[in-house]
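Please read the structure below before turning to the comments.
Every number in this text was worked out from the coordinates using simple rules, so none of it is lab data. Remember, it's a predicted structure, so these values are computed and weren't measured experimentally.
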Amino acid sequence: MAENDPIQAYQFKKLAALFIIGTSIILVPGLLAAEAKQDAWISSLVGLLAGLLLVGLYVALGSRFPGRTLVEFSKEICGRWLGTFVSFLWFTYAFILTSLVLRNLGDFLTSSMLVETPIQAIHLIYLSIVVIGVYYGVSNIARTADIFFPLVIALFGVFILLLVQDLDFKNVQPVLGKGITPVLSASFPFIGFPFLELVLLLMIFPKVKQPKQAGKAFLSGTLIGGTVLFVITLLCILVMGAENTASEIYSSFELAKKIEIGEFIQRVEAILAGIWFVTIFFKLILCFYITVLTLSQTLNLSDYRPLTLPMGMILYAVSIIIAPNLSYLISFDTKVWPFYALTFGLLFPLMLLGVAAIRKKR
C-alpha cells in the first residue's frame, strides 16, 4: 500500500510536527511546572533532546527495512506467529492513544469553552470528520497539512508577539534552585507524551516518496514540534509564574486570556484554541489512520478502508468510558502512560533492531 498513497518528505515533516504539538501544547506546560516549577522550560529542553535521540532510533529501524511499515517489518523480524502477536500489540498501543487523544479534546472543550455541550456530541462530530479523512488516505491528510501548517505557525507567531510586553524574567529564577532531580523527573512524562508516541509514525515512514530524505524530515519535524512546546512552556513561566502555571490544567489556554493590549485587543484565547483545534485534528486523524492500518496489516487485509467505520464506532464508545473524569485522565497521563509508552517507544524498537542485526550477521 505504500506505493499507492505516497507523500512528499516535506509533508511528512509537517505531519510529524503537528503530531507532536497536538494535545501537548495545552497540557504540557502545566504538567511540567507541577514538578519542575520555574525550571519547567529546562525539562522541556531535556524532553526535546531525548525525543530527537528516539527519532534517530526510529529512523535507523525504518531505514533498515525500506518500503515496509512497522507491522510489516515486525512480522519479518519476529516470524509469522510472534510477528502477528507483536503487530497486534502495536495496534492496541495506537488504539489506546487514539482514544486518549479524542478524550483530551472532549474534556478540554466541555470544561473550557462549550461547557453545556455533552461530551458525546463533541466526540461524534469530530470523529465523523476524522473517519471521512482517514477513508480518503494519508496523501489527502498530508495535502490538508500543507494548507493548515503555515496558519498554525503564523498564529503562534502572533501569539508570541502579543505576549512580549508581559514577560518577567524574574519568574525563571532561581535557575535549578532545587537541583537537577525535579527537572529530570518532570521531563520523563514529557518524553512519554508525545515523543515516545512517534514510533507509530513508522507506519507512514515508507510512504514518503524520497526515502533518503524521510529520516531528515522526521528529525526536523520533531525539532519544530518540540521547539513550539518549549516556547509555550517558557512563555507560561515568564508571564504567569511557576505556581500559576502548575495550578492550571490548561495553562497555555489561561496564558492566552492574559493578553490585553489597550481596550481593543482582548479575549484572544481563540487564537490558541484555533491552533489547538488544527493540531489535535492532525494528531487524532494520524493516530486513527495508524490504528486502522496496523489492524488491517496484522490481519493481512489488502485494504484498510472497510475497517474505518466499525473502528470509528468502537473508538467513540471507548473514548467515553476510558476515564471516569478529567483528574483521573491527567493522573493516568503522568503516572501510567510514560511507562506504557516506554515499552512500545523504546524497548520494542531496540529489541527489533537488535534481533534484525543478529539475524543479518547470521
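Name the aspartates and glutamates eligible as straight-distance cross-link partners of Lys14: C-alpha to C-alpha under 13 Å, and not fewer than 8 places from it in the same chain.
Asp146
Report relative contact order for the chain in percent, whole number only (criteria: Cα-Cα under 8 Å, sequence separation at least 6).
Relative CO of the chain lands at 41 percent.
Between the helical axis of 9-21 and the dominant principal axis of the chain, each derived from Cα atoms, what acute angle in degrees is found, rounded to the nearest 10?
On a 0 to 90 degree scale, this one is about 50.
Per-residue ellipticity at 222 nm for the chain, helices alone: DSSP H runs ≥ 4 residues times -39500 (n - 2.57), over residue total, nearest 500 deg cm²/dmol?
Result for the chain: -24000 deg cm²/dmol, rounded to the nearest 500.
Each residue of the range 140-150 in order: what ³J(HN,Hα) in whole Hz does its phi give by Karplus 6.51 cos²θ - 1.76 cosθ + 1.60, θ = phi - 60°, with x for Gly and Pro?
So the J values, rounded to whole Hz, are 5, 4, 5, 5, 5, 4, 4, 6, 8, 4, x.
Checking the table Lys170/Lys283; Lys178/Lys283; Lys212/Lys360; Lys170/Lys257; Lys13/Lys258 against a 25 Å threshold on Cα-Cα, which pairs fail?
Distance filter (> 25 Å) returns Lys170/Lys283; Lys178/Lys283; Lys13/Lys258.
Enumerate the calculated ³J(HN,Hα) couplings along the range 350-355 in order (Karplus 6.51 cos²θ - 1.76 cosθ + 1.60, θ = phi - 60°), each rounded to whole Hz, writing x wherever the residue is Gly or Pro.
Result, ordered by residue: 4, 5, 4, 5, x, 5 Hz.
Can you tell me the orientation of helix 40-64 relative to the chain, as the angle in degrees between its alpha-carbon axis and the longest Cα principal axis, to the nearest 10?
Value to nearest ten degrees: 10.
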